[in-house]
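Bear in mind that the values in this text are calculations on the coordinates, not laboratory data. Fair warning: this is a prediction, and the values are worked out from it, not measured in the lab. Note that we place each Cβ from the backbone using ideal geometry, even for glycine, and neighbour counts take in every protein chain shown.
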Amino acid sequence: MIISYIKWFLIAITTIILAILATIVSFVSPKFATLTLVKIWGKLILLISFVKLEVRGLENIKDKPTIIMYNHKSFYDIFSFASFMKIDWRAMMKKELLKIPFFGQAVRVMGHYFVARDGSFADRREVIKILKKIKNGKAIFIAPEGTRNPDKELLEFKDGGFFISTKTKVNIVPMIIKGADNVVMKNSLKINPGTIIIKILPEIEVEDFLSHDEPVSKLKDHVFSIFNNNI
């Protein structure tokens, strides 16, 4: 455990330094901060943790408005995709993360989105903001389960991301993450070395679901089945 405590200390220091730099840089260019400092942050944390990353299907992510949905297994999900993402992106986060010193200020200035603790979209003003911004070309990462889920079975998907998709007519790209929950087990601080595998699947055309009576429900069920068949 001593080694794990050292790793957490180094992760904290890395996060503080890069969060300060990202906050400063974001006042000028949030895009530059995302494509450089955030990427460095993810790479360094994986390096500190002795975690290898395998990415398959990166060609399925295009530099255009996209909703990238992922199964949320661990904090290392975010560290992982932050380390290789080649486009300007934002993420849907819980409001509680804003309370984390340095990190909270950085993600606010960079323009990420925030929802309630349960992953719901109760704040209509936030939904309207997201609908407007996603049309301007930024990809957005959403965990449809609404929270970290280290169990093998998927949690029920929340409606929010699918509502955004149908309202903006922005396609969904499923991103399957395996192995992140083995790096840090539930209710444990031990950081285990290992390999995280990320498989990015072809995008789903939301237009194909808009003619249904309940497009949000149909789209959600379809995406859930894809995840269920691939985890």
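What to note about this one:
- Charged neighbours of I198, selected by a Cβ distance under 15 Å, balance to +4 (K, R count +1; D, E count -1).
- Fraction of beta bridges assigned by DSSP in the chain that are antiparallel (%, nearest 5): 20
- Mean separation of Cα contacts under 8 Å (6+ apart) over length of the chain, as relative contact order %: 27
- Kirkwood Rh in Å, taken over the chain so that all alpha-carbon pairs contribute: 18.0
- With contributions of -39500 (n - 2.57) from each DSSP H run of at least four residues, the per-residue ellipticity at 222 nm computed over the chain stands at -12500 deg cm²/dmol.
- Cβ charges +1 (Lys, Arg) and -1 (Asp, Glu), total dipole of the chain, debye: 820
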